[in-house]
1. Considering only residues of the range 209-242 that are without any contact (Cβ under 8 Å) to a residue 12 or more places away in the chain and closer than 29 Å to residue 278 by Cβ, which is nearest to the chain's Cα centre (by Cα)?
2. Just wondering, is there one or more residues in the range 275-282 that are farther than 13 Å from residue 175 by Cα and touching a strand residue (DSSP E or B) at 6+ places or on another chain (Cβ under 6 Å)?
3. Out of 280, 256, 243, report the one residue that is over 30 Å from residue 196 (Cβ atoms) and surrounded by fewer than 23 Cβ atoms within 10 Å (Cβ to Cβ).
4. If you take the residues in the range 284-302 that are in contact with a helix residue (DSSP H, G or I) (Cβ under 9 Å, 6 or more places away or on another chain) and more than 30 Å from residue 65 (Cβ to Cβ), which one is surrounded by the fewest Cβ atoms within 10 Å (Cβ to Cβ)?
5. For the range 303-324, name all the residues that are part of a strand (DSSP E or B) and surrounded by fewer than 23 Cβ atoms within 10 Å (Cβ to Cβ).
6. Have a look at 277, 251, 284, 273 and point out the one that is within 18 Å of the chain's Cα centre (by Cα) and in a helix (DSSP H, G or I).
7. What strands (runs of 3 or more DSSP E) completely inside the range 48-166 contain at least 1 residues that are touching a residue at least 60 places away in the same chain (Cβ under 8 Å) and either surrounded by fewer than 21 Cβ atoms within 10 Å (Cβ to Cβ) or in the same structural domain as residue 232 (by TED's automatic domain parsing) (or both)?
8. Within the range 78-97, can you find the residues that are out of contact with any helix residue (DSSP H, G or I) (no Cβ under 9 Å at 6 or more places or on another chain) and over 15 Å from residue 184 (Cα atoms)?
C-alpha cells in the first residue's frame with residue numbers, strides 16, 4: 001500500500017528534526033519569547049518596551065503543489081496558497097496578521113510568470129486584510145530547471161497578551177470544524193504519486209465531475225475574516241495542515257486532554273472519498289496526511305458552538321460540531 005512516506009514525505013522524520021532543533025535553540029536568548037518551535041507561530045512579548053502586545057510570526061511554503069501549477073502553466077493561484085498557509089497559522093495563535101513578505105527563487109522564468117505569482121499573493125492578502133511590505137526574488141541557475149520555481153512566505157501578526165490562544169481547556173468542550181476548499185496545500189507528493197504515476201491521470205482527466213487540474217489547484221481557504229468574528233468565543237484554534245488531524249490538533253490540547261473526532265460528522269467531499277478508494281490508503285494515513293474536508297478547528301464551550309457555526313455560515317463557510325474534548329494524553333481519537 002502506498003502512503004505519504006512511500007511518496008517521499010516522512011512526517012516522523014520532520015518531527016524528529018524539530019525536536020533536535022528545540023534542543024539547539026536553548027543556547028539562544030529567550031527572555032522575551034513566549035512560544036516558538038512547535039506551535040503554530042512564534043510569539044514574542046513586547047513587555048520590555050512598556051506595552052502588553054505580543055508579536056507573532058510564521059513562515060511556510062506551498063510544497064509540491066507548485067509542481068502541479070508548473071505542469072499546468074497556471075501560476076495565479078499558488079500565491080493565495082502561500083498567504084493562506086501563513087495567515088491561517090497566525091490566527092491559530094490568537095493574533096491578527098499585520099504584514100507579509102514573500103520569497104521567489106527560480107532559474108529562468110518569464111516576467112509574466114512572476115507577475116502571476118504575485119497577483120495571487122496580492123489576492124490572498126486582500127482576503128486576509130494584510131499588507132505586503134517586501135520580499136525577495138533569487139535567480140539560481142543550476143538549482144532549478146527552466147520554468148521551475150519555489151515560494152516561501154513570512155507573516156507577522158499582533159495581539160494583546162490576554163487574547164493569546166490556546167487558553168485553558170476543560171472536559172466536555174466542543175470541537176467545531178470549518179470546511180476546507182479541498183486538498184489545500186498538503187499531501188501533494190502523495191497525490192501526484194497516486195494520480196499521475198500509479199493511475200496515469202492527466203490534468204484534464206475527470207475527477208469528481210471536474211478536471212483533475214482544477215481540483216488540485218483550488219486555492220487554500222483563508223479563515224482570517226471568520227477568526228475576527230469568533231475569536232472571543234473560542235479557547236483554541238488549530239490549522240489542519242501538514243500532519244492532518246493527528247499532528248495538528250495535539251498542538252493545542254495541553255496536558256491532560258484528548259480530542260475525540262467523529263468521522264461521520266465531517267463534510268462529505270467526493271475528492272477525499274474517491275482518492276481513498278483509488279489509492280487504497282487506510283483511514284489513519286488519510287487523517288494524518290489530509291484535512292479530510294476540515295481546514296481549521298476551534299475548541300469552545302458548548303454554549304458558544306451554535307453561534308460559531310452561524311457566524312461561519314454568514315461567511316459562506318460550512319461549520320460542524322465534529323467532536324469533543326475529554327481527559328486524556330494529548331492525542332486525537334478518530335471514531
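The values are calculated or read from the model by the stated rules, or taken from the named source; none is laboratory data. The structure displayed is predicted, hence computed values, not measured ones. Ideal geometry is used to build each Cβ from the backbone, glycine not excepted, and the neighbour counts take in all protein chains shown.
1. Kept after step one, since they are without any contact (Cβ under 8 Å) to a residue 12 or more places away in the chain, are these residues of the range 209-242: 210-211, 214, 232.
From the residues that got through so far, the ones that are closer than 29 Å to residue 278 by Cβ too are 210-211, 214.
Working: 210: 24, 211: 24, 214: 20 Å.
Looking at residues that are without any contact (Cβ under 8 Å) to a residue 12 or more places away in the chain and closer than 29 Å to residue 278 by Cβ, I get 214.
2. Taking the range 275-282 as the starting set, the residues that turn out to be farther than 13 Å from residue 175 by Cα are 275-282.
Imposing the further condition that a residue be touching a strand residue (DSSP E or B) at 6+ places or on another chain (Cβ under 6 Å) reduces the set to none.
No, the conditions are met nowhere in the range 275-282.
3. On the way: 280 fails: over 30 Å from residue 196 (Cβ atoms); 243 fails: over 30 Å from residue 196 (Cβ atoms).
Within the list 280, 256, 243, the selection yields 256.
4. 301
5. Narrowing the range 303-324 to residues part of a strand (DSSP E or B): 319-324.
Selection gives 320, 321, 324.
6. Values: 277 fails: within 18 Å of the chain's Cα centre (by Cα); 284 fails: within 18 Å of the chain's Cα centre (by Cα); 273 fails: within 18 Å of the chain's Cα centre (by Cα).
Being within 18 Å of the chain's Cα centre (by Cα) and in a helix (DSSP H, G or I) holds for just one of 277, 251, 284, 273, which is 251.
7. On the way: elements: 53-61, 96-106, 131-139, 149-160.
In the range 48-166, the matching strands (runs of 3 or more DSSP E) lie at 53-61, 96-106, 149-160.
8. Of everything in the range 78-97, just one residue is out of contact with any helix residue (DSSP H, G or I) (no Cβ under 9 Å at 6 or more places or on another chain) and over 15 Å from residue 184 (Cα atoms), namely 93.
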